[in-house]
Amino acid sequence: MSGLGTGYDLSCTTFSPDGRVFQVDYALKAVENSGTAVGLRVKDGVVFGVEKLIVSKMLEPTSNRRIFNIDRHIGLSFAGLQADARQLVNRARLEAKNYRNFYQDDIPGHVLAERMAAFMQAYTLYSHMRPFGCSIMLSSVDRRGPQLFMIEPSGISYSYYGTSIGKAKQAAKGEIEKLKLSELTAREAVAEVAKIIYQVHDEVKDKEFELELSWICPESKNRHEMVPKEIAQAAEAKVKAELEEAMVDED
Amino acid sequence: MDTMTNPQPFEGEHRMGTTIMAAVFDGGVVMGADSRTTTGSYIANRVTDKITPVYDNIFCCRSGSAADTQAISDYVTLYLNLHGNELGEQPEIKTAAALFQTLCYQNKNALQAGIIVAGYHPRTGGEVYTIPLGGALVKSPWTIGGSGSSYIYGFCDTNFRDGMTKQEAMDFVTRAISLAITRDGSSGGVCRLCIIDKTGVERVMVPGNKLPKAYED
């Protein structure tokens, strides 16, 4: 890999001749090596689904969470370096807490997204710090309704109806575009997200994975929570059955 | 200096003895205040404007120490404008009230400020909040404050109704302020009104000789 950005890629403080900051691009590569995460903003809420690749059979199932609570009404999921994500989660929680202290109110999703974007961008300015090696998705329900944001290591934040990050993000985006998101309820979205993750999971390269699902919707009283076990398991079982049927048909 | 044996006309800092109030009507709020500022028994300003903007559609009525309330409302104006920029829309009235409360409560030992916060927001309609001396925050459909308010509790309790029209609310406030001016020595001058609704802000000034007449007048 000596070809890519030779000479211009050693620190954040160097632009390449074609105007790129290679360190930031490389940070995105770290994101692409991680398990896929999908976020869908639908009629009445936002749903996250994460393909949590299992590195060892000895791992306790719910450990190494990929989805976090930032405040009661905001959730965060990520793809990329888990340790970096932990820093971002702590920062987001701090911002939410300080906002609440000062304004006596929940932090709106778009305000937190912009603050996190500014925070991540700051780490692309100095040679003695590296950018964060993860992209994060924020889900929230506030006075503007349900919202979904994605922030890249470069510090750009986007507001989406549906998006994905990680290994199979392109394939997942293709599946997302087929859905009519504004007509789905959060319950239906849970099933769709499960289906997408199972479809884009690479059976050959990655063996086992655990599916983490979270939602924020009227059914969860507009609080960000992990999808209740029964619903999650039912969705997974249904998806597995559908995929087996599809495989049988192909023969 | 003992004022009984050695009376001085100019005493201490500028105070707003005051009558202030605000009331919600169907579609907005009406705020009212008298216009007297005193230093002791000298009337330093007889045409004061005690109703100050902190944002486009959010105002506050100030009572107590003029210096304290001006300093507080200047800070709140600053914070609210920064907040509105980040939010990308008009802040809610309760946010303005929360900022006032933080300042009034955290500095309660040093301040003498009784503040009424009111305004109109498209999502919530008209809202009124009161922050009395200790820094408590109370939301209600109508509220009165200042030294002159003691004399009009009965009038206001009897005459306020939910869902008044704009004109009814203006009359309610004007009559109340007028009665308080009649009885309270620290309140006087003109009655200033501020009506905030979805079309914006309207300022009205009712001169002393045009105020509605009470019994003895």
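The values are calculated or read from the model by the stated rules, or taken from the named source; none is laboratory data. Since the structure is predicted, the reported quantities are computational estimates derived from the model, not experimental observations. With ideal geometry, Cβ positions are generated from the backbone for all residues, glycine too; neighbour counts draw on all protein chains shown. These area figures cover heavy atoms from the full protein model, side chains too; ligands, DNA and RNA do not enter into them. Shrake-Rupley method; radii C 1.70, N 1.55, O 1.52, S 1.80 Å.
Comparing the full protein assembly with the isolated chain (1.4 Å probe, heavy atoms, ligands and nucleic acids excluded), the residues of the range B:84-105 losing at least 10 square angstrom of accessible area are B:Glu86, B:Leu87, B:Glu89, B:Glu92, B:Lys94, B:Thr95, B:Ala98, B:Leu99, B:Gln101, B:Thr102. Within the protein assembly as shown, the proportion of Cα pairs with more than 32 Å between them is 54 percent.
For the chain pair B and A, the buried solvent-accessible surface (1.4 Å probe, both sides summed) amounts to about 1100 Å².
Reported to the nearest whole Å, the Cα centre-to-centre distance from the range A:144-179 to the range A:29-84 is 13. For the range A:131-212, the direction-averaged projected area of the alpha-carbon convex hull comes to 6.6 nm². Rounded to the nearest Hz, the phi-derived 3J(HN,Hα) couplings of the range A:152-165 under the Karplus curve 6.51 cos²θ - 1.76 cosθ + 1.60 (θ = phi - 60°) are 8, x, 5, x, 7, 10, 10, 9, 10, 8, x, 7, 8, 9, where x marks glycine and proline.
Within chain A, what's the longest stretch lacking chymotrypsin sites (Phe, Trp or Tyr not before Pro) that sit in DSSP loops with no more than 12 other Cβ atoms inside 10 Å?
On the way: sites that count: A:Phe15, A:Tyr126.
Longest gap between qualifying sites, sites excluded: A:127-251.
In the range A:54-130, the C-alpha radius of gyration followed by the widest Cα-Cα span (Dmax) gives 14.8, 47 angstrom. Amide H to amide H distances under 5 Å link B:Val128 with B:Ser140, where only residues 5 or more positions off or on other chains count and H is placed in the peptide plane.
Compute the normalised compactness of the range B:150-199: alpha-carbon radius of gyration over 2.2 N^0.38 Å, N being the residue count. Walk me through the numbers before you get to the answer.
On the way: Rg = 11.9 Å, N = 50, 2.2 N^0.38 = 9.7 Å.
So the range B:150-199 has a normalised radius of gyration of 1.22.
When only the heavy atoms of the protein chains count and the probe is 1.4 Å, how do A:Leu40, B:Leu82, B:Leu179, B:Leu211 rank by accessible area, highest first?
Details: A:Leu40 0, B:Leu82 100, B:Leu179 60, B:Leu211 20 Å².
The ranking, largest first, comes out as B:Leu82, B:Leu179, B:Leu211, A:Leu40.
For chain B, leaving out every one of the GluC sites (Glu not before Pro) that falls in a DSSP loop and has at most 16 other Cβ atoms within 10 Å, the longest unbroken run is B:90-215. I need the Debye-formula profile for the range A:183-224: one equal scatterer per C-alpha, no solvent, reported as log10 I(q)/I(0) at q = 0.14 1/Å, two decimals. One equal scatterer on each Cα of the range A:183-224 leads to -0.42. How high is the FRET efficiency from A:Val248 to A:Lys29, r the C-beta distance, R0 41 Å, rounded to 0.05? Using R0 = 41 Å, I get an efficiency of 0.60.
Viscosity 1.002 mPa s, temperature 20 °C: give me the Stokes-Einstein translational D for the range B:42-135 in µm²/s, with Rh taken as the Kirkwood radius over C-alpha pairs. Can you show the working numbers first?
Numbers: Rh = 13.5 Å.
Rounded, D is 159 µm²/s.
Report, in deg cm²/dmol and to the nearest 500, the calculated mean residue ellipticity at 222 nm for chain B, where each DSSP H run with n ≥ 4 adds -39500 (n - 2.57) and the sum is divided by the residue count. Kindly include the intermediate steps, with their values, before the conclusion.
Numbers: 4 runs with 61 residues, N = 217.
Rounded to the nearest 500, it is -9000 deg cm²/dmol.
The H on the amide N of A:Gly162, modeled in the peptide plane, is under 5 Å from the matching H of A:Arg41, each at least 5 residues off or on a different chain. Rolling a 1.4 Å probe over the protein chains gives B:Asp26 an accessible area of about 120 Å².
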